[in-house]
Amino acid sequence: MQLLGCTASWQAPMESRSAAAQRGRAERSVHASAIQGTYYRVREGDTLYSIAWRRNIDFRSLARWNGIRPPYVIH
């Protein structure tokens, strides 16, 4: 019987939850101001994810701004 394993010489970066929350709020405000005043007409075959990807926006933020809840179906 062989036993194999591996190790890493580096450690994953760590940060406090409060720092991550502050950064997240700042990112949301940047994205919201970046697309403010723009619109997109949904076309057949579009998904929330595909629209967000083309606009370089997190799909969850796009859903939240438009009042769309899981499972994120658009028409």
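The values are calculated or read from the model by the stated rules, or taken from the named source; none is laboratory data. What you see is a predicted model, and the numbers here were worked out from it, not measured in a lab. Remember, those area values only see protein heavy atoms, side chains included, never the ligands or the DNA or RNA. Shrake-Rupley method; radii C 1.70, N 1.55, O 1.52, S 1.80 Å.
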* Asked: Are any residues in segment 34-46 outside any helix (DSSP H, G or I) and under 18 Å from the mean Cα position of the chain (by Cα), and if so, which ones?
  -> Gln36, Asp46
* Evaluation of Tyr49 against (1) open to solvent by 100 Å² or more (accessible area, probe 1.4 Å); (2) within 13 Å of the chain's Cα centre (by Cα); (3) at pLDDT below 90 (one fails), failing number -> (3)
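Only one residue in Arg23, Arg64, Arg28 is at pLDDT 90 or above, open to solvent by 70 Å² or more (accessible area, probe 1.4 Å), of a type outside the set (Gly, Ala, Ser) and in a helix (DSSP H, G or I), so which one is that?
Arg64
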